[in-house]
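Visitor: Just passing along the structure, written as structure tokens.
The values are calculated or read from the model by the stated rules, or taken from the named source; none is laboratory data. What you are looking at is a predicted structure, and each value in this text was computed from that prediction instead of being measured. Cβ atoms come from the backbone with ideal geometry, glycine included; neighbour counts cover every protein chain shown. With ligands, DNA and RNA removed, areas are computed over all heavy atoms of the protein, side chains included. Shrake-Rupley method; radii C 1.70, N 1.55, O 1.52, S 1.80 Å.
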Amino acid sequence: MSDNTNTGVLTGALATDRKDAWWLGPLLTAIGLGGFGVYSTIRAFANANYEWGPYLSPFYSPLITIPSLNGLVGFKVSPAFLILWAPAGFRATCYYYRKAYYRAFFQHPTACAVNEIHGKAYGGETSFPFILQNIHRYFMYVAVLFIGILWYDAISAFFFPAADGTKHFGIGVGSLIMVVNVLLLGSYTFGCHSLRHLVGGKMDCFSCTSFGKAQHKTWLGVTWFNNRHMLFAWCSLFSVGFTDFYVWLCATGRINDYRFF
């Protein structure tokens with residue numbers, strides 16, 4: 001860090017007058033996102049131990065298998081790679097996550113009032129590949145569909161297979177984990193900035209439209225989740241990874257799923 005005495009402006013990479021631990025947030029973000037990226041990639045390539053009883057890992061839902069595709073590419077294709085592009089694309093283009101990983105990985109900028117580590121001027125998201133961030137709204141449509149699929153999985157997690165091939169209702173620890181997971185994922189998804197704009201954020205006058213009252217209530221509901229978007233972004237990221245981990249633990253016999261009844 002150096003001090004330009006002529007202007008009183010600090011110069012140099014990461015130069016700042018801030019006295020707080022401004023580096024801690026980007027560091028924890030890099031550890032969190034990086035760790036999840038490594039774990040999810042390993043689990044996707046594993047192509048095993050993603051089902052146990054009525055439990056299905058969210059990394060593999062909906063479970064799609066295309067045997068002919070294996071012969072086409074010459075190796076066994078993990079079903080996870082057929083669907084993970086959708087939630088991954090939704091999070092990668094998310095307004096909150098963009099700020100998070102721009103700071104954590106690109107250092108652009110590392111934090112407010114902290115100098116860049118490179119001299120490139122900020123150009124926004126106007127050129128490749130960052131211009132692709134504009135398709136976030138389309139990933140949002142797919143993400144909403146996935147919430148419905150995961151709710152189906154969560155409900156199915158309460159119906160355990162019996163020896164005679166029938167299914168009976170029960171509640172296991174995994175059943176509750178899957179419900180909490182989809183609740184957190186839904187809270188994150190339905191707090192999306194693009195969804196908030198779609199349901200009413202673009203309106204100048206709610207009372208001027210035919211369904212303005214209902215639209216305003218919907219907008220207020222989405223706004224409640226949107227105000228907590230960062231919280232639900234991290235909670236849902238942890239929950240989806242933990243849900244997959246729990247299914248893996250059960251499927252590999254490392255733990256026994258506790259059944260309440």
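Visitor: Provide Rg over Rh for the stretch 203-261; use the alpha carbon set for both Rg and the Kirkwood Rh (inverse mean inverse pair distance). All intermediate terms of the calculation are to be shown ahead of the outcome.
Guide: Details: Rg = 20.4 Å, Rh = 15.1 Å.
Answer for the stretch 203-261: 1.35.
Visitor: Please give me the summed charge of the neighbours of Met140: other residues whose Cβ is under 12 Å from its Cβ, Lys and Arg +1, Asp and Glu -1.
Guide: Value of the local net charge: +3.
Visitor: For the chain, calculate the relative contact order in percent as a whole number, restricting contacts to Cα pairs under 8 Å that are 6 or more residues apart.
Guide: About 23 percent, as a whole number.
Visitor: Order of 185-191, 95-101, 252-258, 212-218 by packing, highest average Cβ count within 10 Å first?
Guide: Details: 185-191: 22.6, 95-101: 17.7, 252-258: 11.3, 212-218: 14.0.
Result, highest mean Cβ count within 10 Å first: 185-191, 95-101, 212-218, 252-258.
Visitor: Restricting attention to the stretch 197-232, which chymotrypsin sites (Phe, Trp or Tyr not before Pro) occupy a DSSP loop and are surrounded by at most 15 other Cβ atoms within 10 Å? Don't skip to the end; give the middle numbers.
Guide: On the way: sites: Phe206, Phe211, Trp219, Trp224, Phe225, Phe232; in loops: Phe211.
Those that pass, being in a loop and sparsely packed, are Phe211.
Visitor: Multiply the residue gap between Leu27 and Cys112 by 0.36 nm, knock off their C-alpha separation, and tell me the result in nm, one decimal place. Could you put the intermediate results ahead of the total?
Guide: Numbers: separation 85, 0.36 × 85 = 30.60 nm, distance 1.45 nm.
Separation in residues times 0.36 nm, less the Cα-Cα distance, equals 29.2 nm.
Visitor: Which cysteines in the chain lack any other cysteine whose Cβ sits under 4.7 Å from their own Cβ?
Guide: Cys94, Cys112, Cys192, Cys235, Cys250
Visitor: Using the heavy atoms of the protein chains alone and a 1.4 angstrom probe, what is the accessible area of the chain per residue in square angstrom?
Guide: Numbers: 14990 Å² over 261 residues.
I get 57 Å² per residue for this part.
Visitor: Have a look at the stretch 166-255 and give its Rg and Dmax from the Cα atoms, expressed in angstrom.
Guide: Rg, Dmax (Cα atoms, Å): 18.3, 60.
Visitor: Enter the per residue convex hull volume of the chain, computed from alpha-carbon coordinates, in Å³ rounded to the nearest integer. Intermediate results must be reported in sequence, preceding the final value.
Guide: Values: hull volume 56.1 nm³, N = 261.
Dividing the Cα hull volume of the chain by its residue count gives 215 Å³.
Visitor: Further question on the same structure: Among residues other than Ala46 whose Cβ falls under 14 Å from its Cβ, what is the net charge (Lys/Arg +1, Asp/Glu -1)?
Guide: Working: positive: Arg43, Lys76; negative: Glu51, Asp244.
Local charge sum for Ala46: 0.
Visitor: Counting each DSSP H run of 4 or more residues in the chain as -39500 (n - 2.57), what helix-only mean residue ellipticity at 222 nm follows after dividing by all residues, to the nearest 500 deg cm²/dmol?
Guide: On the way: 10 runs with 129 residues, N = 261.
Taken over the chain, the calculation gives -15500 deg cm²/dmol.
Visitor: Same structure again: If you roll a 1.4 angstrom probe over the protein chains with everything in place, what fraction of the accessible area of the stretch 51-198 belongs to carbon and sulfur, to the nearest %? Please report the intermediate quantities before stating the final value.
Guide: Values: 5400 of 7790 Å².
That fraction is 69 percent.
Visitor: How big is D, in µm² s⁻¹, for the stretch 54-118 by Stokes-Einstein at 4 °C and 1.567 mPa s if Rh is the Kirkwood radius over C-alpha pairs?
Guide: Working: Rh = 14.8 Å.
For these conditions, the coefficient is 88 µm²/s.
Visitor: Still on this structure, I have one more. Just order 54-60, 126-132, 177-183, 157-163 by mean Cβ neighbour count inside 10 Å, highest at the front, would you? Write down the numbers at each step before the final one.
Guide: Values: 54-60: 23.6, 126-132: 9.7, 177-183: 21.7, 157-163: 14.6.
Result, highest mean first: 54-60, 177-183, 157-163, 126-132.
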